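Coordinate-derived values only; no laboratory data. Bear in mind the structure is a predicted one, so any value in this text is a computation, not a measurement. Glycine also receives a Cβ, built like all others from the backbone with ideal geometry; neighbour counts cover every protein chain displayed.
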Number of protein chains: 2
Amino acid sequence: MSRTGRVTINDVARTAGVSVATVSKVINGRYGVAQATNERVQEVIASLGYESSLVARSLRSHRTNVIGILVAEFEPFSTEILKGVSQAVAGTGYELLAYSGGGAGGTDVGWERRSLSRLSGTLIDGAVLVTPTVVEVHDGVPVVAIDPHAGPSGIPTVDSDNLAGAVTATEHLLALGHRRIGFLGGRPDLESSRLREEGFRTAMARAGVPVDPALVRVGGYRRETADRPAHELLELADRPTAVFAANDLMAIATIEAAADLGLAVPRDLSVVGFDDVPEAAATTPPLTTVAQPMQQMGSVAIGMLVELMAGRPVPAAHLRLPTRLVERGTCAPAPVGATAAVR
Amino acid sequence: MSRTGRVTINDVARTAGVSVATVSKVINGRYGVAQATNERVQEVIASLGYESSLVARSLRSHRTNVIGILVAEFEPFSTEILKGVSQAVAGTGYELLAYSGGGAGGTDVGWERRSLSRLSGTLIDGAVLVTPTVVEVHDGVPVVAIDPHAGPSGIPTVDSDNLAGAVTATEHLLALGHRRIGFLGGRPDLESSRLREEGFRTAMARAGVPVDPALVRVGGYRRETADRPAHELLELADRPTAVFAANDLMAIATIEAAADLGLAVPRDLSVVGFDDVPEAAATTPPLTTVAQPMQQMGSVAIGMLVELMAGRPVPAAHLRLPTRLVERGTCAPAPVGATAAVR
DNA sequence: CTGTTAGCGCCTTCAG
DNA sequence: CTGAAGGCGCTAACAG
């Protein structure tokens, strides 16, 4: 009786004329089943196309062989992590379940706690949290965080060197002669965003260039939310000759805003991003940016998680990967007038 | 007693001094709970950080508000689909669960049937199958397929115009004067691959250019599997002056093989890909390719699925989206000698 | 060797 | 308004 369409272990048992327990044994390869019975059940399973329900099985046995990747939404950054995770997990015998719980905006604080609660203890044996907003060690399953919003805390963490990366980006602009440099930040409540701004300010201070508060804006890390502040920055009477955006999506928004206002990149405006998502190379001109090894961050996190799930302690609780500047086409020397004026 | 670490509805009930039924009612906003009780339970839920288990809930109620995206692995194509899906699902009230069941190689035929069986009826209310190898309408939940390997069948399908796209790509190379054009195919068992090869042959035939069988290879749609055939193609004594690869990953492998052999692209070799994944713009030089609207394919599929889940029939069962040529830097006119020789 | 009996965590009657 | 009982699909003892 497959009313719902889905064939259950009961259907198999009934069709094969045995009990569900026997079917379960056959499925799990337990000993204690007659050869003939085994074969008959196998046949029924094949003919009915039965596959055990992950849900029911996990509810009972508390083990699923599934690793959860919890993200707020699927955007360029999290999907790059996913690619790395996917490669790392191949061959380990684990399967992957990427869950997007938070609302689209990413404004839904605490999504990772809810998602983890909904899935852990039953559906997944361990989890990788991608840019979680809050990290508490409250749950039973092993967890590794990638680029947590609050910085490394109690749980194992993988991130990249945001501070050094931001310094590099800013120094690149300074070396090109820029002095009026705008900064388009992420969100003040996020650690990565804070560090990138700190790196910006550090490099400026080191060079002895004052930061004009009017040139520092908040872009929210998303293309749509960065559109307005990017326009504002470029419509300033005394507009910047260069902008360092705290991620690529906002850098892309900046390039679009420039085009919108008739400014040529990089002639009238230099732009540097952060992340080096694949989309960064597709802009016109291609974006100069600070690359984080996103796929590697994903695979490293899986490595740590697998150790944790095996009950082994991980050697390094906080792993910080290096960033590097990728020079493409959005940076040019500052117009001589601009540089001279400040001097 | 939170032995496992996970807090269940029982913990909440015990702490609040009520029965689980009462807690359940509070959670689901049912009527029939005293104001004071309601508040107390809410407080306990908040303080304990309780969140109902997706697993247990779905097992019972057979409704989860979760849409499943089933993929073989997370690579550039499927993650682009994911991005589109993620945007389309925002605001619908559904949550997303992307499940990667098949082994890494993509050689695991039937992964989508198994994955679907494991998740449907319990964990997810509907599913989008990304490049499924076999499509049967065997299960209870609504399903939409994106780019099925066997071509449109019984279930609603979204794909792009592979044939026309391949013709366009080939004609582009022919227009540049190329005559010795190599074709790096996907896998013979896949419909998309078959259609792209057909498009290639059609365009060649139309131009009256014979196809040299030695120049047609199978690359398996993956970078690693395409490496060997790409090398073979370029090491031929009478090597092609251009290669049309059936997807971007293989085109990238071809560019790498060319660099490996000291061939300059596009001077010594023109290359065209298919898909236009973000990575295509990041090659040196950037890849000329046939773009499929991958994100749109994802969002369109979600649109159809949501209709289906609401019990409404979808107007168009098979939706085919257009492709277009994106000219970047990997194509140049054929060397005059080469063209003349054939004429 | 095989069937029966308990639950896993949750939700839904149905009495109290 | 609240508590006890049953069942979702499956597995793990324990009987037969």
**OP:** Please give the average number of partner chain Cβ atoms lying within 10 Å of the Cβ of each residue in B:280-290, rounded to a whole number.
**Re:** 2
Original post:
To the nearest 20 debye, what is the magnitude of the charge dipole of the stretch B:207-343 about its Cα centre, counting +1 on the Cβ of each Lys and Arg and -1 on the Cβ of each Asp and Glu?
Top reply: 400
Subject >> Histogram of C-alpha separations across the stretch A:228-304, 5 Å bin width, % >> reply: 3, 16, 27, 20, 13, 8, 6, 4, 3, 1, 0
Subject >> Extension reserve of the residue A:20-residue A:60 stretch, reckoned as 0.36 nm per residue once the Cα distance is removed >> reply: 13.0 nm
**OP:** Please report the relative contact order for chain B, taking Cα pairs under 8 Å with a sequence separation of at least 6, and give it as a percent rounded to a whole number.
**Re:** 16
**OP:** Find every distance from the label point of residue B:42 to the corresponding label point in the other copies (7 Å from Cα along Cα→Cβ) and write them in nm, one decimal, shortest first.
**Re:** 5.8
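Quick check of the Kirkwood formula: for chain B, what is the inverse mean of 1/r over all pairs of different Cα atoms, in Å?
On the way: mean 1/r = 0.0443 Å⁻¹.
The Cα-based Kirkwood calculation yields 22.6 Å.
In peptide A:66-73, how many Cβ atoms from other protein chains are near each Cβ within 10 Å, on average?
Working: counts 4, 1, 1, 3, 0, 4, 1, 7.
Shielding by partners across A:66-73 averages 3.
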Original post:
Once a ≥ b ≥ c are taken as the square roots of the eigenvalues of the Cα gyration tensor of the stretch A:162-291, is the result rounded (a/c under 1.5), prolate (a/b larger than b/c) or oblate (a/b not larger than b/c)?
Top reply: rounded
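Using a Förster distance of 51 angstrom, determine the FRET efficiency expected from the C-beta separation of residue A:206 and residue A:284, and round it to 0.05. Walk me through the numbers on the way to the answer.
Details: r = 33 Å, r/R0 = 0.64.
So the FRET efficiency works out to roughly 0.95.
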Original post:
Can you list, shortest first and in nm, the gaps between the label point of residue A:90 and those of its counterparts in the other copies, using a point 7 Å from Cα in the C-beta direction?
Top reply: 3.0
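Using Stokes-Einstein with the Kirkwood hydrodynamic radius over Cα pairs, what translational diffusion coefficient do you get for the protein assembly as shown at 4 °C and a viscosity of 1.567 mPa s, in µm²/s rounded to a whole number?
On the way: Rh = 27.4 Å.
It diffuses with D of about 47 µm²/s by this estimate.
Can you work out D for the stretch A:150-211 in µm² s⁻¹ from Stokes-Einstein, where Rh is the Kirkwood radius over C-alpha pairs, the temperature is 20 °C and the viscosity is 1.002 mPa s?
My calculation gives 174 µm²/s for D.
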Original post:
Can you list the lysines whose alpha carbon is less than 26 Å from that of residue B:83, not counting same-chain residues fewer than 8 positions off?
Top reply: A:83
Original post:
Which FRET efficiency value, to the nearest 0.05, is calculated for residue A:10 and residue B:267 with the Förster distance at 41 angstrom and r the Cβ-Cβ distance?
Top reply: 0.05
Original post:
To the nearest 20 debye, what charge dipole does chain B have about its Cα centre, counting +1 at the Cβ of each Lys and Arg and -1 at the Cβ of each Asp and Glu?
Top reply: 800
**OP:** For a footprinting-style exposure proxy, rank B:327, B:256, A:198, A:112 by other Cβ within 10 Å, fewest first.
**Re:** B:327, A:198, B:256, A:112
Subject >> Label-point separation, residue B:198 to residue B:307 (7 Å along Cα→Cβ), nm >> reply: 2.5
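First obtain the Kirkwood hydrodynamic radius of the stretch A:33-105 from its Cα pairs, then insert it into the Stokes-Einstein equation at 4 °C and 1.567 mPa s, and state the resulting D in µm² per second as a whole number.
Numbers: Rh = 15.4 Å.
In µm²/s, the coefficient is 84.
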Subject >> With Cα atoms, 0 to 90° folded angle of helix A:191-206 axis to chain A main axis >> reply: 20
Original post:
Cα centroids of the stretch A:212-229 and the stretch A:65-103: how far apart, whole angstrom?
Top reply: 29
Original post:
So how do B:269, B:48 line up by other beta-carbon neighbours within 10 Å, fewest first?
Top reply: B:48, B:269
**OP:** Kindly put B:244, B:183 in sequence by how many other C-beta atoms sit within 10 Å of each C-beta, fewest to most.
**Re:** B:183, B:244
Original post:
Using alpha-carbon pairs under 8 Å, 6+ residues apart, how would you state the relative contact order of the stretch A:192-308 in percent?
Top reply: 18
